[in-house]
Protein chains: 2
Amino acid sequence: MTTVETRAVVDLLGVLAYAELTAFDRLAEDARLAPTLDGRAALARMAAAEIGHHDRLARRLVELGAEPAAVMAPFTRALDGFHEGTRPRTWLEGLVKAYVGDGLAADFYREIAGFLPEPDRSLILEVLADTGHADFAVREVRAAIAAQPTLAGRLALWGRRLVGEAISQSQAVIAERDELARLILAGTGDLTGIGRLVDRITAAHTERMRTLGLNP
Amino acid sequence: MTTVETRAVVDLLGVLAYAELTAFDRLAEDARLAPTLDGRAALARMAAAEIGHHDRLARRLVELGAEPAAVMAPFTRALDGFHEGTRPRTWLEGLVKAYVGDGLAADFYREIAGFLPEPDRSLILEVLADTGHADFAVREVRAAIAAQPTLAGRLALWGRRLVGEAISQSQAVIAERDELARLILAGTGDLTGIGRLVDRITAAHTERMRTLGLNP
């Protein structure tokens, strides 16, 4: 790897490591909103899986000679900002956020991982693999909407708000890290390539909203 | 196993399964008080280990034909009461609670597990094994006291309050579950036996307070 590439890889691993730590936090917090003990245990289990991912990323950072806490630090503001701006008020909002928000973020990180050499590409794809919360969230949200159809409108609005916040925060992340921005530009080839990347992410998002029974 | 024994085992597995779920919750909450990202990741990791324990207990309950959520339900009030009554206000109070409070609870459950047949005795001893938070808490608390010796008095008071709350809540748990009470009485033999059990638990507690550098 060139020096620039190494720096971009370290940045990407760092933002992901912190993302997993905040995912843990958020799922642990949402677990407390669960209407049943089974739901609470299910969310706690997903939170635990995120920590397993965090640890793998942190170990790889150490291997690359980086200090995980130092590498994560530049990203705490943007990611904390996203979570503070999208704090779920209900169990269902938490589930929509876990499915739609995490799905969107995972798609974005997966696209960037595609530009990286091994072993980091595979590591990132593995830690982004769903920890089971997708199926769980879809089942719970669909059941809730079936029981009370008026919920759909409010949750669809919530889904749109998540996208808006996610876009503005990811722009903040990229703007702060030159190497990441260069990696994305080099990987996509040009602005048309970036446009196609955004199209793919948008299409996957629309699909997820439909899966939940929500208007995208 | 006799029917009474099975019921006592199910009760004990149930209270433990819920205790692990609340331990997860609490460690996840304390993680947010961490002064560093490394400390936050360390506590999140311990929380994740508790969920692994919870899952093993829940699986065993299913094997015994019990429904985990139903078996945990009778214990939520007492355990939630303990945690609401002892909510740490600082990172250090959280660590003392994790070490002293969990140590006390583990000793108590271990004593009862000794009266059970296999495989439940071993299962309980395994899930009660320390998940690494003991060493971590001891190191952090001792370092904090070394840096600021006046902390010791306040933290010692906090440790005593934890014991008081733990005793009153465990009495509430036993009073509510006849089979558990009978199991303890049969296991210890008589009131002298119970007295010796309490002595052992108290001695271990005193030892833990000293390890932290606190007056018991």
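If you filter the stretch A:139-163 down to residues that are of a type in the set (A, V, I, L, M, F, W, C) and under 16 Å from A:Gly39 (Cβ atoms), you find that the one that is surrounded by the most Cβ atoms within 10 Å (Cβ to Cβ) is A:Val141. Checked across the stretch B:1-19, the condition of being more than 20 Å from B:Ala129 (Cα to Cα), within 11 Å of another protein chain (Cβ to nearest Cβ) and buried (at least 17 other Cβ atoms within 10 Å of the Cβ) holds for no residue.
When the residues of the stretch A:39-76 are filtered to those that are more than 11 Å from chain B (Cβ to nearest Cβ), without any contact (Cβ under 8 Å) to a residue 60 or more places away in the chain and part of a helix (DSSP H, G or I), the one that is nearest to A:Asp135 (Cα to Cα) is A:Arg59. Residues in the stretch A:49-80 that are surrounded by fewer than 21 Cβ atoms within 10 Å (Cβ to Cβ), among the small types (Gly, Ala, Ser) and within 13 Å of B:Asp38 (Cα to Cα): A:Ala69, A:Ala70, A:Ala73.
Might you check whether a residue that is basic (Lys, Arg), closer than 27 Å to A:Pro74 by Cβ and assigned to a helix (DSSP H, G or I) occurs anywhere in the stretch A:159-166? Within the stretch A:159-166, one or more residues are basic (Lys, Arg), closer than 27 Å to A:Pro74 by Cβ and assigned to a helix (DSSP H, G or I).
Only one entry of B:Phe136, B:Phe115 meets the criterion of being within 30 Å of B:Gly193 (Cβ to Cβ), surrounded by 14 or more Cβ atoms within 10 Å (Cβ to Cβ) and of a type in the set (Phe, Trp, Tyr), and that entry is B:Phe115.
Quick one: would you say A:Glu29 is crowded, with 24+ Cβ neighbours inside 10 Å, within 11 Å of chain B (Cβ to nearest Cβ), in contact with a helix residue (DSSP H, G or I) (Cβ under 8 Å, 6 or more places away or on another chain) and in a helix (DSSP H, G or I)? Answer is no for this residue. One residue stands out among those in the stretch A:91-122 that are of a type in the set (Phe, Trp, Tyr) and part of a helix (DSSP H, G or I): the one that is farthest from A:Gly153 (Cα to Cα), which is A:Tyr109. Residue selection: A:Pro88 satisfies the criterion of being part of a loop (DSSP other than H, G, I, E, B), modelled with pLDDT of 90 or more and within 19 Å of A:Phe24 (Cβ to Cβ).
Comparison of B:Arg40, B:Arg56 shows that the only residue that is out of contact with any strand residue (DSSP E or B) (no Cβ under 9 Å at 6 or more places or on another chain) and farther than 24 Å from A:Ala17 by Cβ is B:Arg56.
The values are calculated or read from the model by the stated rules, or taken from the named source; none is laboratory data. Since the model is a prediction, treat every value here as computed from it, not as a measurement. Methodologically, a virtual Cβ is constructed for each residue, glycine included, from the backbone with ideal geometry; neighbour enumeration extends over all protein chains shown.
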